[in-house]
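Data first, discussion second: the structure below is written as C-alpha cells.
Rule-based calculations on the coordinates, nothing more; no lab input. Note that the structure is predicted; figures quoted are calculated from it, not measured. Neighbour counts run over all protein chains shown; Cβ positions are idealised from the backbone, glycine included.
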Amino acid sequence: MTKTILITGGAGFIGSHLVRLFVNKYSDYRIVNLDKLTYAGNLENLRDIESASNYIFEKGDIIDSVYIKDLFLKYNFDGVIHLAAESHVDRSIANPMDFIMTNVLGTVNLLNAAKDLWKGKEKGKLFYHVSTDEVYGSLGDKGLFLETTPYDPQSPYSSSKASSDHFVRAYGNTYGLPFVISNCSNNYGPNQFPEKLLPLFINNIRNNESLPVYGDGKFTRDWLYVIDHAIAIDKIYHEGSNGETYNIGGFNEWTNINLIKVLCKQMDIALEKEVGTSEGLITYVRDRPGHDKRYAIDANKLKNELGWEPSLQFEEGLAKTIAWYLDNEEWMDNITTGDYQNYYKEQYR
Ligand code: NAD
Ligand code: TYD
C-alpha cells in the first residue's frame, strides 16, 4: 500500500460515495473509514465494497480524543478526508449541542492527532476538511459565493461548520499543518438520509403523503450530484494546493418550489401516475426559523485551476436519483421506521 487515508463519516451520504470512489480507483491505497454510525450512518451504503482488500471499517466517535489518538498511532495515516458531521439544519435548530460536539470538538480532536503525529514529517501529509457553502450565510437575489466571501453563518449547523473551518486554517497557520478546505453546495443523489429535501419528498410521494414546503418555497439552492462532489474531492485531494480553499457547486440554482415541481413531474412519470398527482401533495408549512434565502456557488476557481466540472445535467441526475430510490425501497423502508417516525412527528407536527 502506498498510502493510508482516513475518511471520516464514510458510512454517511457523501462519505459512502467517496469511500467507494477511493477504494475502487486506488487499489494501492489503504482506506480506513471511521464512522460512529449515528442515525445518518449506514453500512448498507457500502455493501458492494466492504470486502475489498484495501478497505477497513472502524466504528468510533471523533468526540473521543483518546480513541482518535490511538487510531492515528495504529494506522499512521498519510492523509485525512474529514466528512463526519452532524449535517441537518433542522436538527441543529432543535439540538445545537450535538453539532458543537461533533462538528467543532470532533474536528479539533482530529486536528490535534494529525498535528502531533505528523510533527516534523508534514511533507506528503494532508488534512482535507469537507465543508459547506452555508458558512458564507445567505445571499440576496444577486451575487455568488466566492472563496473570499466573508463568513456569515446563520444557523447552528453552519456556525459549527464555520467554526471547524476556522480551526483547520488556524492549525495550518499556527502549526504548519498541511490542509485544504472545500465548501460545497447542496448535494443530491442515492443514499441520502430522508430528512433532507429530495429523499424526504421522494419517500413521501411514494407513500402518498403530503410534501411539507417551508414558508413560500421561494428559497434558492445550488444542487450538485453527489458523485460529482466525490470526484471534486478526489481532484482537490491530489491536485489542490496546501492552504487553499475551493468552492464546489453545480452551476445549477433552483427555487425550492420549482425544483419540487420538476421532482413531482418526474415521480408521476416514474410511478406511472397521471401528471399532476404528486404536485397535489404539496402543502405549505411553517417556515424554518432563520431560513437562509439563497445559496449560490461560484465554482470557477476549481474549474479553471483543476479542470473540474459537474458531469451531469440536473434533469439527468434527478432521473438517476429517483430511479435509485424506487429500486431501493428496502433501503428506505429500513431507515424510516422507529426513530425516524419520532423525528418526523416532532419536526412536522
Ligand atoms: P450525513 O449526515 O449523511 O453523514 C454524516 C456521517 O458522519 C454519518 O455516517 C455519521 O454516522 C457520521 N458521524 C456523525 N457524527 C459522528 C461522530 N461524532 N464520530 C464519527 N462519525 C460521525 O452527512 P453528509 O450529507 O454525507 O455530509 C458529509 C459532510 O459533507 C459533512 O461534513 C457536511 O457538513 C458536508 N456537506 C454536506 C452537504 C450536503 O448537501 N449533504 C453539502 C456540503 C457539505
Ligand atoms: P435541506 O435539504 O434541509 O438542505 P439545506 O437546508 O442544508 O439547504 O433543505 C433544502 C431546502 O428545502 C431548504 O431551503 C429548506 C427546504 N425544505 C423544505 O421546504 N421542506 C422540508 O421538509 C425540508 C427538509 C427542506
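Structure above, values below:
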| quantity | calculated |
| --- | --- |
| Residue-count net charge about Gln154 - beta-carbon cut-off 9 Å; Lys, Arg +1, Asp, Glu -1 | -3 |
| Antiparallel %, DSSP beta bridges [both residues in the chain], to 5 | 5 |
| For the range 121-135 and the range 1-65, distance of Cα centres in Å | 17 |
| The range 197-349 - convex hull of alpha carbons, volume per residue in Å³ | 141 |
| Ascending count of other beta-carbon atoms within 10 Å, so fewest first, for Thr148, Thr245, Thr102 | Thr148, Thr245, Thr102 |
| Positive minus negative residues near Phe167 (Lys, Arg vs Asp, Glu; Cβ under 12 Å) | +2 |
| More than 28 angstrom apart: percent of Cα pairs within the chain | 40 |
| Straight-distance crosslink candidates among lysines, where the alpha carbon sits under 29 Å from Lys115 and sequence neighbours closer than 8 are dropped | Lys3, Lys25, Lys36, Lys59, Lys69, Lys74, Lys123, Lys125, Lys161, Lys235, Lys301 |
| Alpha-carbon centroids, the range 243-300 and the range 151-180: separation in whole Å | 28 |
| Cβ-defined net charge surrounding Phe219, 13 Å radius [Lys, Arg +1; Asp, Glu -1] | -2 |
| Among Asn208, Ser138, Tyr171 the positive-end extreme of the charge dipole of the range 115-237 (Cβ point charges) | Tyr171 |
| DSSP bridge orientation in the range 207-349 - percent antiparallel, rounded to nearest 5 | 40 |
| Overall Cα dimensions of the range 284-349, principal axis frame, Å, largest first | 46, 36, 21 |
| Rh (Kirkwood; distinct C-alpha pairs) - the range 81-216, Å | 16.7 |
| Sequence ranges 12-24, 255-267, 299-311, ranked by mean other-Cβ count within 10 angstrom, highest first | 12-24, 255-267, 299-311 |
